[in-house]
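All remarks here apply to the structure that follows.
Computed from the coordinates by the stated procedures, all read-outs in this text should not be read as laboratory data. Everything numeric here is computed off the predicted structure, so don't read it as measured data. No Cβ is skipped: glycine too gets one built from the backbone with ideal geometry, and neighbour counts run over all protein chains shown.
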Amino acid sequence: MSKFHSRYQKTLLATSITAIVMSGSAGFAIAQEGIEEVTVTGIRKAQEDSVSLKRDAAQVVDGISAEDIGKLPDVTITDSLQRIPGVSIRRSAGEGSSLIVRGMPQVGSQLNGEAFMSPGSITTVQPSYGDLPSQLFKGADVYKTSSANLTNAGITGTINLKTRRPFEFDDGFTLAASAEIQQGEETQESDPVASGLVNWKNDTVGVMVSGSYANTNLANYYNGFNTGNPEGDASWVNGVNAWGGSNPVNYLSPQGFAAWNQVTERERAGLNASFQADLGEGFQFTADYFYTQQDEYNRKVGMSVTNKWQGLEWFNDVDGRDLGVLDNGQHWMTVNQWDMNPKRLKSFSQNDSYLTDSTNVNLQLDYDNGGKLTGSVRYAQGDASKKRRHGYNEGDLTDGTSTGIDPFYPAELCGSATPVGDDGGCYVPPNPLGYTDNPQLTLDTRGAHSVWGGFDNQVAGGLGAGATIRDYMTNLDSYNIGAFSSENNADSTGDFKAFRMDGNYALEEGMFITSVDVGLRSSLRSVEETRFHLFSPFYAGYNDINGNTLEEGCGVQWKATDVALGNSDGCTAGEMVNGDFVGYTALPPTALDAHNNVSFITDFGPVKGIPGVWAVNPSDYDDPEAFHNRVFGSTQRMIIPGTSYAVDLQEDSFYVQGNFESGIMSGNLGVRVIETELTVVQNVVGPTPIPYGNTNPDDGDKVTKRSYRDVLPSLNLAFAVTDDIKIRAAYAKNMTPLDLASWGDGRTVQTSLDATTGQFEVNAVSDGGNPALNPWRSDNYDLSAEWYFGDASMAAIGAFLVEVESFVADGTVEEDFILTSGATRTINVSSPVQGEGGEVKGIEIGGKLAMSDFTDGFISGFGLDANYTYSPSTQERRDVNGDKLAFPENSEDQYNLALWYENYGFQARIAYNYRSDRLHETWGVFDTVDEKRTAGVYQKAVGFVDLSASYDITEEFTVYFNGSNITGEYEDYYVQWEDQYAYQNYYEPRYTLGLRARF
């Protein structure tokens, strides 16, 4: 984003907020003249509810409200919540998924005031809001300060999602329904979405049922470093070259580059049912049922170039920038134009599916008989499950010469190849019509979107003299299957139970303490995760290295042309060649379309220059286990012990809170005490890898039990300076549990084919969890002022400071690993470690303006909502320049602008959301004299524009139109320096046309 553009946007924001304040001043005079009172609904009513919530709350709270049944302000809950000051979102396939409040994702989540389970929150305190149907909610509140009686609080915020209940409606029947069609600019699919609600109530009993269904197809594109997708070619490594003079230079040398298109299909259903009964004598019973189910398929197809783990200097820099010697003592250069000499050019297809469901039940008895004592007893339980399935294949274009692949097969697969083994085995080129020499390609990442080149260069190979790289890419017969795999699958289950009792006792009028809240709560949250690879048997009935017959064959994870079953430490299959045992290659010669549907892919989004590739339809891997069973016979789930675990988190808490009021001052003072019992069950990972795969044996269980106590005081003060001006101050000590995987997840050992030993050797090790870590803890301070100058108009400014006492940081430790040759390799093992001394601070400025508060006629329909958040953060860990890193996901600058109009049955809104650069993750470990440093991977600043419009055809029927990301914005990522390109995500604009009815 240009500096001029940025200054222009900030000037517009400042002007908008100033306009709100100035309009408020002018509004006093207009209001005094007396304006005819009108009944309001829709956008203005939702804004009025938000203003009322903030004004009347005892804490710093912001919220969103549905404009009608089944209609939140935006397409998703997260898109709506991002309009609140200090709230930003992460996107998944272009849709909002998770939330960040005041720069941190450690946000508590509630459903109608109590914790709950969703498939996205099996291990985390915050759900992935993408799998929660927005049509089932009437609104959401964001608590930015804590109080003793607020359960499940986060570090910087707590979000309470609210569903509808029967007693909120008029007597008799209420019916509402909507039907819409969504379409993406790229996918061009007509995606159906429907929702409905039925409610009946009388004076004593009410029943409500609401449901929703959606089947959407979302296009998103990627171009850049291989960073884990496609799997098997992923790593960022630093190499040494002579660029920049005689001194060795560090530069980013990815193992490969990829470009792909991905269509994410999400079939989502939800059901919300509620029953309420007035039992008399002040007692009211409520029963809630909330169910969600989503099947998500991430179907990805693309092209990649890699050096196949055979050296780092496989490209030349064209116009790099010499950074000189940095504070870490190393010489660095950025690279953005690449002249590449890759050993492998291939197509790939990948499908990551997530099959999820969750159920939550709430039983609640409330008591309020108009006396001094009120209270409630509540039991809530929930369960959720998630099945992750992964399917992948590669379409190789090499004939094996450049990559050193020389597959060896038994006699019946030899064809015309010359027998060389004692039993007639032979060497067969994996792809006779593939290329021989390394293709020479270029990649220029300096512009808005990457440009590939070099495809018209000639390359030697099976198509003969004069054939170009493009000729090989467009010829189906030049491809063979390089590998099939299904790895890192997972079955995750979680359940939650909570019992609580809350009471309030009102004291005598005139006392400083107006009432006292007390409560008890006990909850148990359990999660179990089992991860596994799919192994398939090969060469049953053949002989091993000792001449013994293999009854069941050798199990293989990577069914690939570079996996030879000659590992003498495990299962072998092969024969003697010139006195040496040679293992058979796992995957026989396989044409790209032998087992799959294929098509020629030319759509890589905004990326230019790629002529296209033949690739397998990723839908073939919607059920990868069924595919592997069909192609390879029986398939075995091989458990990955290091990343399979179980965690139980038992919390028992007690709180007491005094609510007070004296003169212009009101507030509350209280304390919550939480006793936590943590049980973590991990698997001990055996030292010797299972042959032909990326897992180790399970050597038993490791059980860790811990307990800790947190005493969490809180104070909220509000000063009603005038009827319309409030000043607030707050302090709280907060604690929130870690993502349970940060405690339970174990060791992952990654291997790759070693050119020296010819075996898969350890190249990277990571520990995903650490049971010794403390929960997130912080001290939070808030000070704010609010001015209310209309029912739907206000302005506010606030400052906050979050001193993070303990958090999770990325760390490393050196460890030696034994190779198959007996030699050792020292590897930096990454692991979560205890972080201390972090800080997030900032200022929030915002305002809401509804012209109907001050005038009537056409102009009264206009409104404006604008806010800005400044929130710099630091932690003790430093980057390669010696500067302190920010907290991950935190953007220093964030602002929102929304202009809306509502009058004469017409409603419209256009909204802009902006966030500055954020730290996404860290990469690498660099030693200095006194500390280890890292490089930051950042997302560049980005802004998204959404719009919506509707028209009330009659009182019962409304037609509406929505557009999300209408300008086609994309996410750019860089490593440490803005001119060091990493990768880009591009999300398609999407549009919705629908009809809503209410009776």
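Can you tell me, using C-alpha contacts under 8 Å and at least 6 residues apart, the relative contact order of the stretch 589-642 as a whole percent?
The value is 27 percent.
Fewest first, what order do Arg525, Arg877, Arg388, Arg672 take by the number of other Cβ atoms within 10 Å?
Going from least to most buried by this count: Arg388, Arg877, Arg525, Arg672.
What FRET efficiency, computed as 1/(1 + (r/R0)^6) with R0 = 30 Å and r the Cβ-Cβ distance, is obtained for Thr826 and Asp699, rounded to the nearest 0.05?
The formula returns an efficiency of 0.85 here.
Take Met117, Met511 and order them by how many other Cβ atoms sit within 10 Å, fewest up front.
Met511, Met117
Rounded, prolate or oblate: which one fits the stretch 393-526, using the alpha carbon gyration tensor with axes a ≥ b ≥ c (rounded when a/c is under 1.5, else prolate when a/b beats b/c, else oblate)?
Oblate shape, in that a/c is at least 1.5 and b/c is the bigger or equal ratio.
Express the relative contact order of the chain as a whole percentage, based on alpha carbon pairs under 8 Å and six or more residues apart in sequence.
Computed over the chain, the figure is 12 percent.
Using the count of nearby Cβ atoms within 10 Å as a rough guide to exposure, how do Arg531, Arg500 rank from fewest to most?
The order, fewest Cβ neighbours first, is Arg500, Arg531.
Calculated FRET efficiency, Leu995 and Thr204, Cβ-Cβ r, R0 35 Å, to nearest 0.05?
0.50
Distance check, please: which entries in Lys705/Lys733; Lys138/Lys841; Lys702/Lys884; Lys162/Lys733; Lys45/Lys940; Lys386/Lys559 exceed 28 angstrom between their Cα atoms?
Lys138/Lys841; Lys702/Lys884; Lys45/Lys940
Could you give P(r) for the chain, binned at 10 Å from zero, as whole percent values over all Cα-Cα pairs?
2, 10, 19, 23, 20, 13, 8, 4, 1, 0, 0
How many angstrom lie between the C-alpha centres of the stretch 484-539 and the stretch 938-999?
Computed from Cα coordinates, the inter-centre distance equals 32 Å.
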